[in-house]
1. For residue 161, what residues show an amide H to amide H distance below 5 Å, using hydrogens built from the backbone and excluding near sequence neighbours?
2. Would you work out the relative contact order for the chain, in percent, from Cα pairs under 8 angstrom that are 6 or more residues apart?
3. How far is helix 103-116 tilted off the main Cα axis of the chain, in degrees rounded to 10, range 0 to 90?
4. Got a sec? How would 134, 197 order by Cβ neighbour count within 10 Å, fewest to most?
5. Show that you can apply the helix-only estimate: for the chain, add -39,500 (n - 2.57) for every DSSP H stretch of four or more residues, divide by all residues, and state [θ] at 222 nm to the nearest 500.
6. In 10 Å bins starting at zero, report the fraction of Cα pairs in the chain per bin as a rounded %.
7. No solvent, one uniform scatterer per C-alpha: report log10 I(q)/I(0) for the stretch 86-207 via the Debye equation at q = 0.11, 0.18, 0.20, 0.23 1/Å, two decimals.
8. Using the charge dipole of the chain (Lys, Arg: +1 at Cβ; Asp, Glu: -1 at Cβ; taken about the Cα centre), state which of 137, 68, 16 has its Cα farthest towards the positive end.
Amino acid sequence: MRWWEQQVGGATRGRIIALIRRGMSTIEELAAELGVTDNAVRAQIQTLEDADLVASVGTRQGAGAGKPATLYQITQTGEAMLSAAYAPVLTSLLESLADRLAPADIAEILRETGRRLVPADSIATGSMESRVRTAAAVLIALGAEIDVEKINGGFRLRGYACPLSAAVRAEPGACQVVEELVASLVGSPVRECCDRTHGARCRFEILSKVGVRN
């Protein structure tokens, strides 16, 4: 059984996801396949919709003259959450780049990747603190666990996890992706000082005064 079939809320919910991934399905079709009531499936579907794992995408007319039944499919967010391929693929890609390219070329690719990650609606304005907190929110949405700390001359983003931990273990330079992402969001130079003593923990300093350190 795949990890998400056990951890998305139980075996029944996991089987519902597996069936919908094979093709758009109605509540009635899912209930018949699982051997449970429509209401039992409806409750599970509601929970999955609330989590943005599935969404309604239209209707299917039955053989009789009854009311058309709503069809459900996995969302793009759901497919990303259910895949276990992203980390190993990224790690292998970084290792391949390291085998083929000079360090400076790899660094530029990673920084360009960071700039491309900036959400179109997340360019912060206002005070430095406001921009830093926007950057922290973006990192949290990507899977980090971040606190914003005030330091002498600026701010520190202190992480307790890393959204790229698997890749960072293989290629520490992967932190440049996040460093450039943060710099683009705050509109100010950022210094990466990640803690790699116990796995990978994000640390980024954003200084409003050049040359100042905590």
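1. Counting only residues 5 or more places away or on other chains, the set is 145, 202.
2. This gives 15 percent for the chain.
3. Its long axis makes an angle of about 50 degrees.
4. The most exposed by this proxy come first: 197, 134.
5. Details: 10 runs with 106 residues, N = 214.
So the helix-based figure for the chain works out to -15000 deg cm²/dmol.
6. Cα pair-distance distribution for the chain, in percent: 8, 26, 24, 20, 14, 7, 1, 0.
7. -0.34, -0.91, -1.10, -1.39
8. The residue sitting most towards the positive pole is 137.
Just so you know, all these numbers are worked out from the coordinates, no wet-lab data involved. Here the structure is a predicted model, which is why all the values come from computation and not from measurement. With ideal geometry, Cβ positions are generated from the backbone for all residues, glycine too; neighbour counts draw on all protein chains shown.
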